[in-house]
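Let me begin by presenting the structure, written as structure tokens, before commenting on it.
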Amino acid sequence: MSEIETRLNNGVLEVQFNRPEKKNAITEQMYRRLGDIFIGARSNSEVAVILITGQKSCFTAGNDLQDFLDNPPVDDESAVFRFLQTVADFPKPLVAAVNGPAIGIGTTLLLHCDLVFSGESALFQLPFVKLGLVPEFASSYLLPLRVGHAKAAEWLLTGKTFDGQEAKAAGLINGVYNDEQFFSAAVHQAQALAQLPLESLIITKRLMKQTYMAKTLQTMEEEGELFRKRLASDDFKQAVTRFLSRS
Ligand SMILES: C/C=C/C(=O)SCCNC(=O)CCNC(=O)[C@H](O)C(C)(C)COP(=O)(O)OP(=O)(O)OC[C@H]1O[C@@H](n2cnc3c(N)ncnc32)[C@H](O)[C@@H]1OP(=O)(O)O
């Protein structure tokens, strides 16, 4: 089994985080594979839609914190930033099925998905400030745009956790299902999209995003530079030490 599993079914490429013993925390190696998968899917005519998921108990705990210390990204070509880029301008529909923890990039990734369905046990969090970091994936721009400044500040500045109902009420996700149904609901929607004319889907997605795409990419560049600086800060190192030495 790979830490990133893929399955192609009737035009839907399922991409699954599969490192459950570490709550699907994402390493540099996993980002590299994810980047390759997304780049391949762009030009693969058999792929109409990507469905991103984890397990019923966990979407992803975000970036692997130890790996951030061991293999910090140095520039925009680093595996993590290359992955962010491939998702942000991915032309085909992205659907996510989320349950359990969706932390850090586990939440910001959803800002780039077109349809998001969660289970009742989903737990979202943007703990960048608590970790001594700054937002990534253009979340400092896209989140206020999507949910308004008040809610974005609540989530980004305080790092509070929130559930699927709160995420749906704010407009971050499309639907909340019980833990047994969220995945099949997402598969159903992804399969339905995959039956529609692909060219129309691609053009419609591009039209919807065109007014803010340039600003999204510019924000990712600015955030990336600041993020890399903050990874080298004592605040971040102390936060990781606290997390890894908790009992
Ligand atoms: C560019 C992207 C940036 C970001 O994404 S920044 C966000 C970084 N992520 C975090 O700060 C989240 C850290 N993790 C947690 O807060 C908690 O975990 C959870 C709420 C996700 C789950 O808590 P619980 O159910 O109590 O599980 P557990 O015992 O904490 O974790 C099980 C094992 O998974 C490892 N683990 C969890 N998250 C991470 C992570 N993000 N980086 C590295 N390891 C992680 C733990 O250490 C442990 O491992 P062991 O069993 O060997 O002790």
Sole residue being within 13 Å of the ligand (Cβ to nearest atom) and buried (at least 20 other Cβ atoms within 10 Å of the Cβ), chosen from Ser139, Ser121: Ser139
Would you check if Phe17 is open to solvent by less than 10 Å² (accessible area, probe 1.4 Å) and more than 22 Å from Asp179 (Cα to Cα)? no
Please work out if Lys229 is surrounded by fewer than 15 Cβ atoms within 10 Å (Cβ to Cβ), in contact with a helix residue (DSSP H, G or I) (Cβ under 8 Å, 6 or more places away or on another chain) and assigned to a helix (DSSP H, G or I). no
Matching residues, segment 76-99, being within 14 Å of the ligand (Cβ to nearest atom) and either open to solvent by 20 Å² or more (accessible area, probe 1.4 Å) or more than 30 Å from His188 (Cβ to Cβ) (or both): Asp76, Ser78, Ala79, Val80, Phe81, Arg82, Gln85
Count, please, the residues in segment 124-136 that happen to be free of Cβ contacts under 8 Å to residues at least 60 places away in the same chain, near the ligand (Cβ under 9 Å from one of its atoms) and touching an Asp or Glu at 6+ places or on another chain (Cβ under 8 Å). 1
Quick check: is even one residue across segment 224-242 under 18 Å from the mean Cα position of the chain (by Cα), within 16 Å of the ligand (Cβ to nearest atom) and within 22 Å of Leu156 (Cα to Cα)? yes
Under 8 Å by Cβ, and 6 or more places apart or on different chains, what pairs join a residue from segment 56-75 that is more than 19 Å from Phe137 (Cα to Cα) with one that is within 7 Å of the ligand (Cβ to nearest atom) and not β-branched (Val, Ile, Thr)? Cys58/Lys23; Cys58/Pro101; Gln66/Leu244
Identity of the residue in segment 154-166, in a helix (DSSP H, G or I) and out of contact with any helix residue (DSSP H, G or I) (no Cβ under 8 Å at 6 or more places or on another chain), that ends up least open to solvent (accessible area, probe 1.4 Å): Gly164
Just for segment 49-70: of the residues that are open to solvent by 10 Å² or more (accessible area, probe 1.4 Å) and away from the ligand (no atom under 12 Å from the Cβ), which one is farthest from Asn99 (Cα to Cα)? Gln55
Quick check, is Gly104 within 13 Å of the ligand (Cβ to nearest atom), more than 22 Å from Gln218 (Cα to Cα) and surrounded by 23 or more Cβ atoms within 10 Å (Cβ to Cβ)? no
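A quick yes/no check of all residues on (1) hydrophobic (A, V, I, L, M, F, W, C); (2) over 25 Å from Ala41 (Cβ atoms):
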| position | (1), (2) |
| --- | --- |
| Phe137 | yes, no |
| Val147 | yes, yes |
| Trp155 | yes, yes |
| Ala167 | yes, yes |
| Ala170 | yes, yes |
| Asn174 | no, no |
| Ala194 | yes, no |
| Ile203 | yes, no |
| Val240 | yes, yes |
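The values are calculated or read from the model by the stated rules, or taken from the named source; none is laboratory data. Everything numeric here is computed off the predicted structure, so don't read it as measured data. Quick reminder, even Gly has a Cβ in these numbers, built from the backbone with ideal geometry, and neighbours come from all protein chains shown. Each accessible area value is taken on the protein alone, full model and side chains, heavy atoms only, with ligands, DNA and RNA left out. Shrake-Rupley method; radii C 1.70, N 1.55, O 1.52, S 1.80 Å.
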